[in-house]
Amino acid sequence: MRTRLLLLLTVILLGLSGCAATNKYHWGNYEKSLYGYYKNPSELETLTESLANIIAEGETDGKVPPGIYAEYAYILYISGKKQESISYFEKEKKSWPESSVLMEKMVTMAKGGDKKESSQNTEPAPGGGIVQ
Amino acid sequence: MTSRKKTPFTVAMFVFSLAAGCSTTSPPKDYTKFRELDPKAILVVPVVNRSVDVNVPDYFLTTISRPVAERGYYVFPVNLVKQILQDDGLADADMVHASNPIRLAELFGADAVLYISIERWDAQYLVLSTQITVKFKYILKCGKTGETIWESSETMIYSPQQSGGGGLGGLVAMAITAAVAKAVPNYIPLSQQANKNGVTKPHSGLPAGPYLDTYGKDKDMF
């Protein structure tokens, strides 16, 4: 009886932690993979997979979090996949009209950016002077 | 199976006590300006670090999108924003925090800019556990007027659960692991909790944003 009760309480406690635990969006491993990438840039692959998973999972029920399409698009961009990146920047804009100003700048940059498929380090500034 | 009968009541009591614990309030904030300017899209800029731990800003930056988005706001992609700022010569968070919020908001198309600073992050190594005291501050500035429309400051004390038995044996084991693998403690749960508290607590957090059903209907709480 005690064990059962304890188990129930634990489940409820987990559910309640932080007062409201219902998630509006699918976040997958977002935090962990982004942090891992900051600590070790060679973990770009893991971050890419993690973002792709969030999108795949979120798209099944319209729960892709704001910003995720754009984060994924940017990773594609620095990996040299410019065409693909453009379509994801556009997806972000379509899903979240608030992002229009930034997404239009990103699309322009991805379209006009350096033609050669280069690595992250030799890329031109992704901002393309956005903040100048 | 008979033992089940008793649980719902006990559980209900427990839930109530928990819910009560959640709503311990600090003095109510004035949300007049926030409501008036009604931000919908929030730009989070890199975190300023006033602690000695160099990893802390990344912990806070990677864990801020979820709570703010879950509050019903559009949150600009934090990594993309960070890279853009960096590539445009604003790599230093202090510099970004000192720059003009109206200009920043305009460049990204944001309604408001969220500035986070870590005021304190002290790890205290006790005999059987580590205790961390974190003090962090949020300031949200309006992208049109540049004025502060919301601010919040919180101090949190956290003792990470040490898996692996604990006790002296566990401690020794941990010390060995740390020495061998240079294991870096995982502070993602801590920063997640800190950001969640800072953003969602009634009377001090952010009111529900436009993507929540409770948008505009929570004036008794914010």
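Here are the numbers for the structure shown:
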| quantity | calculated |
| --- | --- |
| Residues of segment A:67-90 satisfying the condition of being charged (D, E, K, R) and either in contact with a strand residue (DSSP E or B) (Cβ under 8 Å, 6 or more places away or on another chain) or crowded, with 20+ Cβ neighbours inside 10 Å (or both) | A:E71 |
| Hey, B:D111 under 21 Å from the mean Cα position of the chain (by Cα) and facing chain A (nearest Cβ under 9 Å) or not | yes |
| Scope segment B:110-131; condition touching a strand residue (DSSP E or B) at 6+ places or on another chain (Cβ under 7 Å) and surrounded by fewer than 20 Cβ atoms within 10 Å (Cβ to Cβ); matching residues | B:E119, B:R120, B:D122, B:A123, B:Q124, B:T130, B:Q131 |
| Failed item in (1) more than 10 Å from every other protein chain (Cβ to nearest Cβ); (2) at pLDDT 95 or above, with A:Y74 passing the rest | (1) |
| Pick from segment B:17-38, criterion in a loop (DSSP other than H, G, I, E, B) and modelled with pLDDT of 85 or more, ranking: farthest from B:M156 (Cα to Cα) | B:D38 |
| Selected residue (criterion: farthest from the other protein chains (Cβ to nearest Cβ)) from residues of segment B:39-89 that are part of a strand (DSSP E or B) and closer than 19 Å to B:P101 by Cβ | B:V48 |
| Residue ID - farthest from B:P46 (Cα to Cα), chosen from residues in segment B:122-137 that are among the aliphatic types (A, V, I, L, M) and within 17 Å of the chain's Cα centre (by Cα) | B:I132 |
| So A:E90, is it in a helix (DSSP H, G or I), within 17 Å of B:T62 (Cα to Cα), out of contact with any Lys or Arg (no Cβ under 9 Å at 6 or more places or on another chain) and more than 13 Å from chain B (Cβ to nearest Cβ) | no |
| Top-ranked residue in segment A:44-54 [being under 17 Å from B:V78 (Cβ atoms) and surrounded by fewer than 20 Cβ atoms within 10 Å (Cβ to Cβ); ranked as farthest from the chain's Cα centre (by Cα)] | A:L44 |
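So that you can scan it fast, the table gives a plain yes or no per residue for (1) touching a residue at least 60 places away in the same chain (Cβ under 8 Å); (2) under 17 Å from the mean Cα position of the chain (by Cα); (3) within 28 Å of A:Y77 (Cα to Cα):
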{"position": "B:D30", "(1), (2), (3)": "no, no, no"}
{"position": "B:A41", "(1), (2), (3)": "yes, no, yes"}
{"position": "B:V47", "(1), (2), (3)": "yes, yes, yes"}
{"position": "B:S65", "(1), (2), (3)": "no, yes, yes"}
{"position": "B:F76", "(1), (2), (3)": "no, yes, yes"}
{"position": "B:Q86", "(1), (2), (3)": "no, no, yes"}
{"position": "B:A91", "(1), (2), (3)": "no, no, yes"}
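The values are calculated or read from the model by the stated rules, or taken from the named source; none is laboratory data. What you see is a predicted model, and the numbers here were worked out from it, not measured in a lab. Counting neighbours? That spans all protein chains shown, and the Cβs are built from the backbone with ideal geometry, glycine included.
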